[in-house]
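First up is the structure itself, then whatever we jot down about it.
The values are calculated or read from the model by the stated rules, or taken from the named source; none is laboratory data. All of these numbers come straight from a predicted model, not from anything done at the bench. Don't worry about glycine lacking a Cβ; one is built from the backbone with ideal geometry, like all the others, and counts go over all protein chains shown. For the accessible areas, the whole protein counts, side chains as well, though only heavy atoms, and no ligand, DNA or RNA atoms are used. Shrake-Rupley method; radii C 1.70, N 1.55, O 1.52, S 1.80 Å.
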There are 2 protein chains.
Amino acid sequence: MQAIVDFILELDRLKGVTRKTRPLGLDRQENSAEHSWQIAMLAASLQPYAAQPVDIHRVIGMLLVHDIGEIETGDTIVYAEEGWEERKAAELAAVTRIFGLLPEAQGARFLALWQEFEDGETAEARFAHAADRAMPVLLNLANNGQSWRENGISHERVVKRIGPPIREGCPALWVYLEAQLEHARQQGWFGA
Amino acid sequence: MQAIVDFILELDRLKGVTRKTRPLGLDRQENSAEHSWQIAMLAASLQPYAAQPVDIHRVIGMLLVHDIGEIETGDTIVYAEEGWEERKAAELAAVTRIFGLLPEAQGARFLALWQEFEDGETAEARFAHAADRAMPVLLNLANNGQSWRENGISHERVVKRIGPPIREGCPALWVYLEAQLEHARQQGWFGA
């Protein structure tokens, strides 16, 4: 029991990992723990629109664990162009340590979910990626482009970076977002 | 698609619902969105210790949705003695409205999970309640009794209020917590 308690208290640190997006109407940055909750809810809601039939429970499991490595590395905005390999190696080391706090069978289950998300090869992982990538875009669209303007992110960069994974995992969501992003461009909600 | 977007943006408000507990090492109160994520992880980790075999996916689903009514009512500390019926009626009205934003089938699924948690009659709901009740206790134990001291909560009141549901849903966790709470009492970490 102490091992599980040590693990869950270690996870508490994800509440202190801040992202670039702000929750709507709040004067603070979003953290990765509340983001993980929200994308699990988004994926559950979007299930009928997944590109292929998915085991939604595995999708939710992946989304709940996928950011835990940030406890040691911090969040990096998806539009960062460099350093992804080093970052991914550091996240793997972090989750190996953190899931290693648990009894072996449970730790292995979480690590397998984390790795499936990283590999991005199953229908479930691709759908999970679509939800993860779409959520900050939806918040930015509702926030007049807050984090795009603050971080100098252009319309072209957003479309190039998030278009392919969202289209692949959840095509109907991409049709929706593409139109919304064009509207946002016309409103001047992008940086650079 | 717009219905799902409206729903997920409405859920964003749960990030602004504050609880009495503070995340470890952070100078702010915990919010109900990050709490929902953490107890889903706690339940997944504790599964081998559930009082009866449980469908862990339904447990996780319940924990992800159980606090959504607080978007309109706010969080009430579990040690409040009065007003529970009115509060529960207000939460039901809130989740009926919020889940009603979704296409009917998905909205009904979330509402059924919310209701199952509230009813507390299935093995899954009882295990979910144990995780929900245990998490703030674990944080308080790691925080030298922060919210017990700040809110004048006695050892007796904690044991009386959280002992039965945790013992019922996850007996091994209660054995652990009972000893830890006695240690906390000896340290003077309670109010009143």
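Data overview
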quantity: Criterion: among the aliphatic types (A, V, I, L, M), over 27 Å from residue B:109 (Cα atoms) and facing chain B (nearest Cβ under 7 Å) - qualifying residue of A:71, A:60, A:8; calculated: A:8
quantity: The one condition in (1) at pLDDT below 95; (2) among the acidic types (Asp, Glu); (3) open to solvent by less than 60 Å² (accessible area, probe 1.4 Å) that residue A:30 fails to fulfil; calculated: (1)
quantity: Among (1) within 19 Å of residue A:126 (Cα to Cα); (2) within 11 Å of chain B (Cβ to nearest Cβ), the one test that residue A:50 misses; calculated: (2)
quantity: Helices (runs of 4 or more DSSP H) fully within region B:67-175 counting 3 or more residues that are at negative phi and open to solvent by 40 Å² or more (accessible area, probe 1.4 Å); calculated: B:84-99, B:104-119, B:123-142, B:155-169
quantity: Inter-residue pairs, beta-carbon under 7 Å, first open to solvent by less than 10 Å² (accessible area, probe 1.4 Å) and in region A:36-50, second of a type in the set (S, T, N, Q), 6+ apart; calculated: A:37/B:36; A:45/B:106
quantity: Subset of region B:28-46 (residues that are of a type outside the set (A, V, I, L, M, F, W, C), within 7 Å of chain A (Cβ to nearest Cβ) and in a helix (DSSP H, G or I)); calculated: B:34, B:36, B:38, B:45
quantity: Looking only at region A:11-27, and only at residues there that are out of contact with any Gly (no Cβ under 9 Å at 6 or more places or on another chain) and more than 9 Å from chain B (Cβ to nearest Cβ), the one that is most open to solvent (accessible area, probe 1.4 Å); calculated: A:27
quantity: Positions within region A:112-141 being among the acidic types (Asp, Glu) and within 11 Å of residue A:39 (Cα to Cα), in sequence order; calculated: A:132
quantity: Flag for residue B:75 being modelled with pLDDT under 95, touching a Lys or Arg at 6+ places or on another chain (Cβ under 7 Å) and of a type in the set (D, E, K, R); calculated: yes
quantity: Scope region A:141-166; condition within 14 Å of another protein chain (Cβ to nearest Cβ) and under 19 Å from residue A:43 (Cβ atoms); matching residues; calculated: A:141, A:142, A:166
